[in-house]
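Take a look at the structure below.
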């Protein structure tokens with residue numbers, strides 16, 4: 001045991017700084033393979049979560065994980081992976097890849113990326129029922145009924161918020177975020 | 001080592017020094033408290049400023065966090081823009097999570113110090129920015145004071161995660177302005193308080209300095225006025241009060257000593273200028289006053305009379321009645337002299353029995369004579385001293401300024417001469433000075449010089465007068481009488497020069513010469529186989545004052561080899577009285593040697609008869625005046641009878657002097673007188689002639705025979721009676 005513990009301690013002493021280095025290095029090596037655009041987008045998703053208040057019944061407790069479900073193809077999921085374990089408003093972040101048609105009951109935040117437009121209505125419908133915060137970089141996502149849509153304006157990633165959709169899903173979005181966002185309505 | 005200002009402070013007046021001490025204490029306190037106040041105020045102001053800036057930074061941080069997170073520069077700029085409207089904000093920097101400059105704002109106003117972050121380019125590396133931020137953080141405090149700007153660095157947090165940093169640099173003008181006001185207020189307060197302290201300390205120091213200065217003033221007053229009777233009033237009971245007490249004690253001591261000193265000075269003054277016996281001015285003061293009087297007289301052309309008074313026979317009074325009586329007499333005389341003169345005149349005692357008077361503003365010599373006459377008549381009344389009455393006369397000499405002399409010395413000398421002249425005129429008279437007197441006086445001086453020479457050269461001869469026994473008619477002894485063979489004036493009798501020799505201090509030598517010559521003569525007669533004849537020598541009273549009478553007598557006897565029984569010493573009554581203890585002892589010793597002692601001129605002095613039996617006297621010689629008047633005055637005869645009776649009962653030999661007539665001889669013989677001396681037997685004659693008397697024959701027979709023829713039986717009866 002002592003030998004073992006020493007080894008463990010040794011490993012810890014060695015690994016901890018390395019891990020810290022990994023964590024501090026931003027963007028981390030986990031999402032390093034993802035393109036720069038998705039790095040930014042995933043960071044936006046992560047930061048956005050901080051400005052959003054989920055409905056009271058969304059979490060089972062204060063330490064309950066905030067499950068981020070990723071739907072669709074593309075490097076978005078990979079880019080988000082780097083935020084796994086980080087906390088948002090006291091909730092540790094979990095990243096899950098989900099398939100279309102899969103039950104989304106455990107999700108809190110749904111990131112949609114690289115999904116064909118014809119499936120989008122169904123996904124949104126499902127998300128609305130489940131009160132999921134939907135984020136996507138699909139064009140006109142917010143206009144289509146999504147809550148937050150990431151758009152590229154003048155070479156920079158911006159976001160649009162469908163306030164009505166957010167209200168329907170009982171989300172409260174911080175004015176700080178709203179101040180930065182472009183507010184859209186369905187059907188615009 | 002001495003600090004340069006120390007001497008200055010040391011020499012400051014006490015008031016300034018006290019004020020300086022009080023002021024320096026107060027100022028130090030004031031300064032420290034003001035410093036404390038200013039520091040504290042500066043801290044508060046600084047904290048206020050920083051709090052304001054921090055709240056500002058917090059606001060920016062809160063409002064720009066989301067924009068920063070989402071990299072929205074425009075939003076950030078929108079957030080900070082309204083804040084930049086504030087005039088005191090110089091610059092705002094927002095750093096992103098990586099530490100690079102994200103947004104910046106600079107105030108339009110150009111006037112401010114160079115800010116460390118101002119010149120950083122937008123693309124500056126995180127390290128450069130961090131360094132600059134560190135610098136401003138480090139200088140945050142000092143820059144507020146020195147560089148005029150304040151800095152606050154606040155992190156921008158989101159969910160406890162630092163997402164950026166906001167740096168605000170603000171103008172510290174407001175802070176400095178407030179600080180300046182604070183300092184000004186502090187300085188103003190200090191100035192006002194300083195002034196108050198000045199006034200206060202000026203009052204306060206009086207508590208110590210006022211009593212000390214009071215003491216100093218009193219001291220100055222006392223030392224200037226020499227008034228040691230002054231005292232200072234104690235203002236308080238502290239150490240200064242004790243100082244006052246000490247000062248007063250010292251003053252008391254000084255006052256006492258001063259008083260004693262004054263008394264002594266006055267006493268000395270009295271001693272120096274006044275005769276302690278009569279309280280009259282002494283010689284010194286008299287000379288001084290006379291000098292002044294002469295000075296005045298010269299200016300106002302007045303005459304001054306200088307009068308010299310000498311008591312006649314004062315010496316005899318002194319010798320016979322004692323010095324105490326003499327002193328009392330002098331006091332009485334002084335008192336009487338004072339009654340005659342005016343207040344402007346001065347009576348002085350020059351010493352002994354000599355008094356002087358000067359009278360100012362004497363109109364004529366007659367006036368001076370009047371005063372002199374008054375002086376002489378003063379002595380007409382006898383002086384009553386205790387139980388006894390003494391009759392004394394005075395001789396007065398008068399000189400006049402400017403007639404008889406111009407100087408004090410001259411006048412006094414001439415007055416002295418005039419007085420001597422008066423004495424020469426029979427005493428108890430006054431005499432005005434005459435130029436001729438001066439000649440006389442100079443004659444006297446010449447004579448004195450001649451006398452000195454005469455003693456050296458032996459210009460004297462002895463004459464001898466035999467004394468004859470009344471019973472046997474034989475010569476018993478001869479009295480040696482000196483004669484001066486003056487080369488110019490011829491032979492001079494003793495009354496012409498003995499007094500001179502006494503005054504000139506030559507009497508002892510003269511007496512010794514007389515004694516030696518007489519003794520040698522006596523020896524010569526012995527050797528010539530003549531009958532042994534005693535030789536009598538007169539001793540001057542002055543001789544007895546030398547106190548070597550016995551030595552000189554013994555020396556003469558030793559030198560001549562004369563039998564002491566053949567020497568007779570005659571002294572006057574007054575000589576006997578003076579220094580009587582010594583005289584008595586010496587005479588006893590001389591008599592023990594066999595020398596005969598005779599009292600000369602008995603009955604003229606002021607002798608007290610009680611002394612007679614105490615002295616070793618062999619013979620009394622009745623004074624010639626009694627013998628001379630014996631036949632005319634029954635009183636004198638009574639005296640002679642009494643003397644003879646007394647001498648007989650005291651077992652003394654009696655010699656009658658100056659017997660010139662047979663009547664006298666017979667009378668004396670009847671009275672029982674032992675011997676006679678006088679012209680009846682022989683005048684004083686030289687040795688050769690006197691030797692003729694040294695025979696066995698009766699030298700009185702011739703005279704008695706003559707008397708018998710004249711008065712017959714009476715004489716015979718007398719002779720028979722004597723037999």
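Which peptide among B:358-368, B:184-194 comes first, and what is the full order, when sorted by highest mean count of other Cβ atoms within 10 Å? Display every interim value, and only then the final one.
Details: B:358-368: 17.7, B:184-194: 13.7.
Averaged packing, sorted descending, gives the order B:358-368, B:184-194.
Using the eigenvalues of the Cα gyration tensor, what equivalent ellipsoid semi-axes result for the stretch B:560-645 when each is taken as the square root of five times the eigenvalue, whole Å, largest first?
Each semi-axis is the square root of five times an eigenvalue, giving 27, 15, 10 Å.
Can you give the mean number of other chain Cβ atoms that lie within 10 Å of the Cβ atoms in peptide B:60-67?
Values: counts 0, 0, 1, 2, 1, 4, 12, 4.
Neighbouring Cβ atoms belonging to other protein chains average 3 per residue here.
With a Förster radius of 35 Å, plug the Cβ-Cβ distance of residue B:191 and residue B:250 into 1/(1 + (r/R0)^6) and report the FRET value to the nearest 0.05. Working shown, then result.
Values: r = 47 Å, r/R0 = 1.33.
My answer for the efficiency is 0.15.
On average, how many beta carbons from a partner chain sit within 10 Å of the beta carbon of a residue in B:69-75?
6
If you line up the Cα atoms of the protein assembly as shown on their principal axes, what length do they span on each, largest first, in Å?
233, 82, 50
Tell me, what is the FRET efficiency for residue B:227 and residue B:588 to the nearest 0.05, using R0 = 51 angstrom and their Cβ-Cβ distance as r?
Numbers: r = 67 Å, r/R0 = 1.31.
Approximately 0.15, to the nearest 0.05.
Test of understanding: what is the full-extension gain from residue B:14 to residue B:243, defined as 0.36 nm times their sequence separation minus their Cα-Cα distance?
Details: separation 229, 0.36 × 229 = 82.44 nm, distance 1.61 nm.
Gain in length upon complete extension: 80.8 nm.
Give me the inter-chain shielding for A:43-51: mean count of other chain Cβ atoms within 10 Å, whole number please. Working shown, then result.
Working: counts 3, 3, 0, 1, 10, 3, 1, 7, 6.
Across A:43-51, the average partner-chain Cβ count within 10 Å equals 4.
Among A:62, B:604, which comes first, then next, by fewest other beta-carbon atoms within 10 Å? Show your work: numbers first, answer last.
Working: A:62 8, B:604 16.
The fewest-first ordering by Cβ neighbours comes to A:62, B:604.
Starting from 0 in steps of 20 Å, tell me what percent of the Cα-Cα pairs of chain B lands in each bin.
Here the calculated profile for chain B is 12, 23, 16, 9, 8, 7, 9, 9, 5, 1, 0.
Quick one: give the max-minus-min coordinate of the C-alpha atoms of the stretch B:278-433 along each principal axis, largest first, in Å.
Sorted from largest, the Cα extents of the stretch B:278-433 read 50, 31, 23 Å.
Residue B:434 to residue B:374: extension gain in nm, 0.36 nm per residue of separation minus the Cα-Cα distance?
Fully extending the segment from residue B:434 to residue B:374 adds 19.6 nm.
Have a look at the stretch B:14-178 and give its Rg and Dmax from the Cα atoms, expressed in angstrom.
21.0, 81
Pop a pseudo-label 7 angstrom from the Cα along the beta-carbon direction at both residue A:164 and residue B:634 and give the gap in nm to one decimal.
A separation of 20.3 nm, rounded to one decimal place.
Suppose R0 equals 45 Å. What FRET efficiency, 1/(1 + (r/R0)^6) with r the Cβ-Cβ distance, do residue B:609 and residue B:263 give to the nearest 0.05?
Working: r = 48 Å, r/R0 = 1.07.
Here the calculated transfer efficiency is 0.40.
How high is the relative contact order of chain B? Use alpha-carbon pairs under 8 Å, at least six apart in sequence, and give a whole percent. Please report the intermediate quantities before stating the final value.
Values: 1060 pairs, mean separation 55.9, N = 723.
Worked out over chain B, it gives 8 percent.
What ranking, highest mean first, results for peptides B:391-401, B:237-247, A:161-171 when packing means the other Cβ atoms within 10 Å averaged over each residue? Before the final figure, lay out each step's value.
Working: B:391-401: 23.4, B:237-247: 13.8, A:161-171: 18.5.
So the peptides B:391-401, B:237-247, A:161-171, ranked by packing, come out B:391-401, A:161-171, B:237-247.
Arrange A:110, B:101, B:35 by Cβ neighbour counts within 10 Å, fewest through most, would you?
Numbers: A:110 26, B:101 20, B:35 11.
Ascending number of Cβ neighbours within 10 Å: B:35, B:101, A:110.
Every read-out reported here was derived from the displayed coordinates using simple, explicitly stated rules and does not represent laboratory data. What you are looking at is a predicted structure, and each value in this text was computed from that prediction instead of being measured. For neighbour counting, all protein chains shown are included, and Cβ atoms are generated from backbone atoms with ideal geometry for every residue, glycine included.
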